[in-house]
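Have a look at the structure below before the remarks.
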Amino acid sequence: MRNIYICFPEGKHKVLTMSFDDGRVEDRQLVDMFNRYGIRGTFHVNSGIAAETRVPVSEYRELYRGHEVSCHTCTHPTIARCPMEQVVEQILEDRRSLEAAVGYPVRGLSYPNGSFSDEIVKTLPALGIRYSRTVEETGAFAMPEDFLRWKATCHYNHNLLELGKEFVSLHKTQYLYMMYVWGHSYEFNIYGNWDVMEEFCRNCGGRDDIWYATNIEIVDYMEAAGRLQFGAAGNMVYNPSAASVWIEVNGEKKEIQGGTLLEF
């Protein structure tokens, strides 16, 4: 009997993703840092807030190119206290404005002020939202059980370098590992610790065994992996999705291209 494992793209077993909120002007420096080290992530922004401290909506397409722009509601209310009519309007209007700015469907969210409820979570799929990040942290590297209640590994100011070193050292390929870091770019100026993120990026960027992904790319890939159709004898698999999915069969990495049947 074969051992068959789902892998990340190119047969990798570790993924690193970043998640920063509010679209503050400090994002410019942070994006530049990520780009220099090949690290990618998601920026959750409020399209309805215009201020000198915020990146203007007109800049989103170019600044965040290669990363993901995601919802954070239009005006950042504490949505668990709001009527559902307002919650729906806040999210849909944010999506419309962001999509007009960046030119692709915006399908992610981070809860403003970490605020959400069961009713809000149940409503998100009908609003076109595929995932949403909380402000809770796990301090670990497991894949999330619920993408609509997505918990990060850590805030960047909570043991980032130590957790990064642990993540880099993980080597057991029978597991899928994810490191998810969140925060606000303006906090680097408040705490005077841009150097911490620089060291993290230097240590964790550019590694052959890590997939560097945005939040939505992880969601899309895992959904595609979940649609794989395996033969009962464990000797074939059909991929009904358009995108490739990677598996490992008895230690050998295999790519199943979209719309193809692979026998092994």
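Every number in this text was worked out from the coordinates using simple rules, so none of it is lab data. Bear in mind the structure is a predicted one, so any value in this text is a computation, not a measurement. We place every Cβ from the backbone using ideal geometry, glycine too, and count neighbours over all the protein chains shown.
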Calc'd 3J(HN,Hα), the range 241-249, phi into Karplus 6.51 cos²θ - 1.76 cosθ + 1.60 (θ = phi - 60°), Hz, glycine/Pro = x, comes to 7, 7, 8, 5, 10, 10, 10, 10, 10
Report the full-extension gain for the segment ARG81 to HIS171: residue separation times 0.36 nm, less the Cα-Cα distance, to one decimal in nm. 28.0 nm
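Which of LYS165/LYS254; LYS14/LYS253; LYS14/LYS172; LYS12/LYS151; LYS12/LYS172 have a Cα-Cα distance over 18 Å?
Listed pairs above 18 Å: LYS165/LYS254; LYS12/LYS151.
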On each of the three principal axes the extent of the alpha-carbon atoms of the range 12-224, given in whole Å and largest first, is 47, 37, 30
Please state the relative contact order of the chain as a whole percent: Cα pairs under 8 Å, 6+ residues apart? 27 percent
Using DSSP, restrict attention to beta bridges with both residues in the chain and report what percent are antiparallel, rounded to the nearest 5. 35 percent
If each of GLU59 and ALA142 carries a label point 7 Å out from its Cα toward its Cβ, how far apart are those two points in nm? 4.0 nm
In sequence order, calculated HN-Hα J values of the range 107-123 (Karplus, 6.51, -1.76, 1.60; Hz; x Gly/Pro): 10, x, 7, 10, 5, x, 6, x, 9, 7, 9, 4, 5, 5, 4, 5, 7
Please list, ordered by chain and number, the residues whose modelled amide H lies under 5 Å from the amide H of ALA152; skip anything fewer than 5 residues away on the same chain. THR134, GLU136, THR138
Ratio Rg/Rh [Cα only; Rh per Kirkwood] for the range 16-84: 1.01
Estimated [θ] at 222 nm from DSSP helical runs (n ≥ 4, -39500 (n - 2.57)) normalised by residues in the chain, nearest 500: -8500 deg cm²/dmol
